[in-house]
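Report on the following structure.
The values are calculated or read from the model by the stated rules, or taken from the named source; none is laboratory data. No experiment lies behind these values; they were computed from the predicted model shown. Cβ placement follows ideal geometry from the backbone for every residue including glycine, while neighbour counts extend to all protein chains displayed. Note: areas computed on protein heavy atoms with side chains; ligands, DNA, RNA excluded. Shrake-Rupley method; radii C 1.70, N 1.55, O 1.52, S 1.80 Å.
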Amino acid sequence: MKSATNHWADETAAKIVFEKSGAAGDEKELYTCASGITPSGSVHIGNFREIISVELVAQSLRDMGKNVRFIYSWDDYDVFRKVPADMPKQDELKNYLRSPITMVPDPWERDANYARHHEVDVENTLPKVGISPEYIYQAERYRTSVYAQGIRKALEKRSVLKDILDKFRDEEHKIQGEWWPVSVFCEKCNKDETEIEGWDGDWGLSYKCKKCGCAETLDIRSAKGIKLSWRIDWPMRWEYEKVDFEPAGKDHHSQGGSFDTAKHVCKDVYNWDAPITFRYDFIGTKGLPGKMSSSSGNVITLDFVLNVYTPELTRYLFAGTRPNTEFSISFDLDVIKIYEDYDKTERIAWKTEEAKDEAAYQKEKRIYELSQVSVNGKTPKMEGAAPYQVPFRHLCNLIQIADGDIEKALADIAVAFNEMQPKPAQSLNLPALRVRAQCAKYWIENCAPEDFKFRLLPAGSESGRPLSDTEKNAIRILRDDVISKIEEFADDKICSTAIYAVAEKAGIDGKALFGAAYQALIGKDQGPRLASFLRSIDIDRLLGILKEY
């Protein structure tokens, strides 16, 4: 059962293979990993935690040479219970409450229905992070009576199911009176405000609608509106799809929660062992207000996260954190630190930076591997030269120096890389760097604090505030002694030494010089590290800004 690494995805994969092997130790020909959600509103990044957790375990199984089926169920035959606050056409949507969400129209008029709109959003985004599961649409399954046998089995075992559910309830919450493991959407008005009248012991199920008065007997084998209740539906599908692994949130994994009941239903009613599982915790956001909830409409989607984090960084957030650990995705200055952490992991994985020991190397390497966008569900091989890194903070500065022109910033990076001596044993991946630059630009414009933002002043313009004669003199010395010779400085350290020499020559302290320089260049009292900043700007542009001094 022990995995080759200590990564949680590999440990889970090894556990699945071990526990799902036959009595003789024979491994399965196919391992089925499952996930799913009700598309009741925009699918938020908290929901994505389950998707990526399953993907990483499935990827680990594939890396072990196993055949894997990753199914993702859209529970789009669930009831439309609440109109999320961020949806348009609120009054119109309220008319469809208590109907299946596939029968709710798309308020944006883009897709076939409300559910399909949210499904399409996710299905179009997941491939960006290397995830392409097999989608199963539960409305289609139920309306074509695929689960007819599973529904009848539940009716036959009604008393067993009642006992299982009551086992985890106190006296006050035990099922009272007649209870049925199914509900019915009325064939006439499509609402679920119905009562089961009886079952004939075969395929006939009778109901009456409290909403419109419709009463009829349905044939389970052809009826479109019969649906199992959630705690029965979930384990029924485990058996139907032969699921070997499915995680669940900590609410489902609470004592006596839906997973506890589901595993008993699965075994005692459907004669299938519940899948291997683990609990994943909630995630929050930092730098953005509010708690995520699809029903309330306060959501941060995967697509939004990809505005700030590259696909690899997005995977890294989850691959580098155990699922049962709560964490927040940052959109404030911590974004810079997260990019720095990823870059360090990359250097260790490629052995351009030494890990503290072999165990640390193996851990960081595996996190890095699983952070890469998978190819056909498998971990890409690390081949060729290590990637040339441009730190996120520096990239933000370069983009602002280029007045937001990403292609100009990338061209400058490419020139600097090609002029490096000696040549680095690294590869410059401009397409990947372009994605990082797009994230950097979005973060600067939409998330970064104001004191992080800057724009170079036009040539010959005045500073943000009036400078004293002493400050102006210091700027002239900086221009003549440092900037005019900037290309002679081999690195930031040498340039920084020259800058401090300017302060001494001008008779002011370093802090005052820096403040004057930033005022002259960007109209602010603070800015990026000055030596690196000056060396990143075209010399003619610098001299043009300062020519009037």
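Note down the Stokes-Einstein diffusion coefficient of the stretch 407-459 in µm²/s, whole number, using a Kirkwood radius over alpha carbon pairs, 4 °C, and 1.567 mPa s. Result for D is 98 µm²/s.
Near GLY287, the amide H atoms lying under 5 Å from its own belong to PHE331; only residues 5 or more places off or on other chains count, and H is placed 1.01 Å from N. When you restrict to C-alpha pairs under 8 Å that are six or more residues apart and normalise by the size of the stretch 1-110, the relative contact order lands at 23 percent. Placing unit charges on each Cβ (+1 for Lys and Arg, -1 for Asp and Glu) gives the stretch 55-206 a dipole about its Cα centre, and among ILE131, ASN95, SER145 the Cα reaching farthest toward its positive end belongs to ILE131. Bridging of LYS157 to aspartates and glutamates at a Cα separation below 17 Å is possible for ASP166, GLU178, ASP200, ASP202, ASP233, GLU239, ASP268, once same-chain residues fewer than 8 apart are set aside. Screening the chain for whole DSSP H helices of 24 Å or more along their axis (Cα) with average Kyte-Doolittle hydropathy at least 0.0 returns 45-63.
Please compute one quarter of the surface area of the Cα convex hull for the stretch 115-175 and express it in square nanometres. Its average projected convex-hull area is 7.1 nm². With all protein chains in place and a 1.4 Å probe, the accessible surface of the chain carries 47 percent carbon and sulfur. Ellipsoid semi-axes for the stretch 161-260, based on the Cα gyration tensor and the rule √(5λ), read 27, 18, 13 Å when sorted largest first. The simple Förster model, with R0 at 60 Å and r as the Cβ-Cβ distance, assigns ARG434 and ASN95 a FRET efficiency of 0.85. Ordering ALA432, SER374, ALA112 by Cα displacement along the dipole of the chain toward the positive end leaves ALA112 in first place; charges were set at the Cβ atoms of Lys, Arg (+1) and Asp, Glu (-1). Each peptide in 535-543, 427-435, 186-194 was scored by the mean count of other Cβ atoms within 10 Å over its residues; highest first, the order is 186-194, 535-543, 427-435. Look at the alpha carbon pairs under 8 Å that are at least 6 residues apart: their mean separation over the length of the chain gives a relative contact order of 12 percent. Net charge near ILE406: determine it from the other residues with C-beta under 15 Å of the C-beta of ILE406, scoring Lys and Arg +1 and Asp and Glu -1. So the environment of ILE406 carries a net charge of -1.
Estimated purely from DSSP H runs of n ≥ 4, each contributing -39500 (n - 2.57), the mean residue ellipticity at 222 nm for the chain is -13500 deg cm²/dmol once divided by its residues. Calculated on the Cα set of the stretch 14-92, radius of gyration then Dmax: 17.8, 60 Å.
Judged by the mean number of other Cβ atoms found within 10 Å, the most tightly packed of the peptides 481-490, 392-401 leads the ranking 392-401, 481-490. The ASP538 and ARG169 beta-carbon pair, evaluated with R₀ = 56 Å, returns a calculated FRET efficiency of approximately 0.20. Of all DSSP beta bridges in the chain, what percent run antiparallel (nearest 5)? Given both bridge residues lie in the chain, the antiparallel proportion sits at roughly 45 percent. Specify whether the C-alpha gyration tensor of the stretch 398-549 places it in the rounded, prolate or oblate class, a ≥ b ≥ c being the square roots of the eigenvalues: rounded for a/c under 1.5, otherwise prolate if a/b is larger than b/c and oblate if not. Here the stretch 398-549 falls in the oblate category. For the chain, the Kirkwood hydrodynamic radius from C-alpha pairs, put into Stokes-Einstein at 10 °C and a viscosity of 1.306 mPa s, yields a diffusion coefficient of 58 µm² per second.
Which of rounded, prolate or oblate describes the stretch 333-477 when judged by the alpha-carbon gyration tensor and an a/c cut-off of 1.5? Verdict is prolate for the stretch 333-477.
Using the empirical formula 2.2 N^0.38 Å as the baseline, the Cα radius of gyration of the stretch 337-403 reaches a ratio of 1.28. If you sort the three axes of the alpha carbon gyration tensor as a ≥ b ≥ c, you get a/c under 1.5 for the stretch 496-549, which makes it rounded.
Remark: for residue pairs LYS15/LYS250; LYS250/LYS286; LYS82/LYS188; LYS365/LYS441; LYS286/LYS363, the C-alpha separation exceeds 24 Å in LYS365/LYS441; LYS286/LYS363.
Dipole check for the chain: with +1 at the C-beta of Lys and Arg, -1 at the C-beta of Asp and Glu, and the Cα centre as origin, the magnitude is about 300 Debye.
Hey, with R₀ at 41 Å, roughly what FRET efficiency would VAL373 and LYS162 work out to, going by the Cβ-Cβ distance, to 0.05? Working from the Cβ atoms, E equals 0.30. Pairs exceeding a 30 Å alpha-carbon distance, out of LYS94/LYS227; LYS351/LYS511; LYS28/LYS224; LYS493/LYS524: LYS351/LYS511; LYS28/LYS224. Per residue, the stretch 466-549 exposes 52 Å² of accessible surface when a 1.4 Å probe is rolled over the protein heavy atoms with every protein chain present. Entry note, the stretch 422-549: relative contact order of 35 percent, from Cα contacts under 8 Å with a spacing of 6+ residues.
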